[in-house]
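Undergrad: Below is one structure. I have some questions about it.
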Amino acid sequence: MKKILYSLFIFASATLFAQKNPNVKFAVSGDMIGTVAMFESQKDFVQSTQVYKTAASLPQKLKKFSFLADQGLTEVKFKNNVSPFDNISLASFNQQSNLPKDTPVFVEGYEFKDTNMRVYSEIAQNLEVKDYNGVKTLFITSTRK
């Protein structure tokens, strides 16, 4: 009986840590990921946006981001291809947190297995290293706690 309860506790804690945040809408510019709110704060630099409501409606060039399209996905194009944001790879965030660079990273509850993927550094308002399924894992949120 104790083993069953222990197993349920581990499963519940793992799913609790990895819950997707339904309030965050992701946006992509080029091959870099940010949030819609982040880009809205820099409207002077934005040339155009295209909103895709489902993963099925994504064009081929954005299919690799389909795991982020639960709440839709916005493609952002900057004027003169100049972004006001710095970008960084998820592997670099792992290294800064003293984790192996190929450890998957969770951003707002979404698991990024490809740590070579680049994100706008402004997305990382809060970084926490937590134990996830027995592995030290980086969790990133786009809002300050």
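The values are calculated or read from the model by the stated rules, or taken from the named source; none is laboratory data. Small disclaimer: the values here were computed from a predicted structure and weren't measured. In this analysis, Cβ positions are derived from the backbone assuming ideal geometry, glycine residues included, and neighbour counts consider all displayed protein chains.
Undergrad: Between a first residue in the stretch 84-95 that is assigned to a helix (DSSP H, G or I) and a second residue that is surrounded by 17 or more Cβ atoms within 10 Å (Cβ to Cβ) and of a type in the set (Ser, Thr, Tyr), which pairs have beta carbons less than 8 Å apart while being 6 or more apart in sequence or on different chains?
TA: Close Cβ pairs satisfying both conditions: Leu90/Thr115; Ala91/Thr115; Asn94/Thr103; Asn94/Thr115.
Undergrad: Working only within the stretch 96-145, note down all residues that are under 18 Å from Ser29 (Cβ atoms), of a type in the set (Ser, Thr, Tyr) and assigned to a strand (DSSP E or B).
TA: Within the stretch 96-145, Tyr110, Tyr120 qualify.
Undergrad: When you go through (1) within 19 Å of Thr143 (Cβ to Cβ); (2) in contact with a Pro (Cβ under 7 Å, 6 or more places away or on another chain) one by one for Lys113, which number turns out not to apply?
TA: (1)
Undergrad: Then there's this: Which of the residues spanning the stretch 59-98 are in contact with a Lys or Arg (Cβ under 6 Å, 6 or more places away or on another chain), crowded, with 16+ Cβ neighbours inside 10 Å and within 15 Å of Leu138 (Cα to Cα)?
TA: Ser89, Ala91, Asn94
Undergrad: Can Glu122 be described as out of contact with any helix residue (DSSP H, G or I) (no Cβ under 6 Å at 6 or more places or on another chain) and not hydroxyl-bearing (Ser, Thr, Tyr)?
TA: no
Undergrad: Now, a different point. Under the condition of being over 16 Å from the mean Cα position of the chain (by Cα) and in a helix (DSSP H, G or I), which residue from the stretch 67-83 is modelled with the lowest pLDDT?
TA: Asn81
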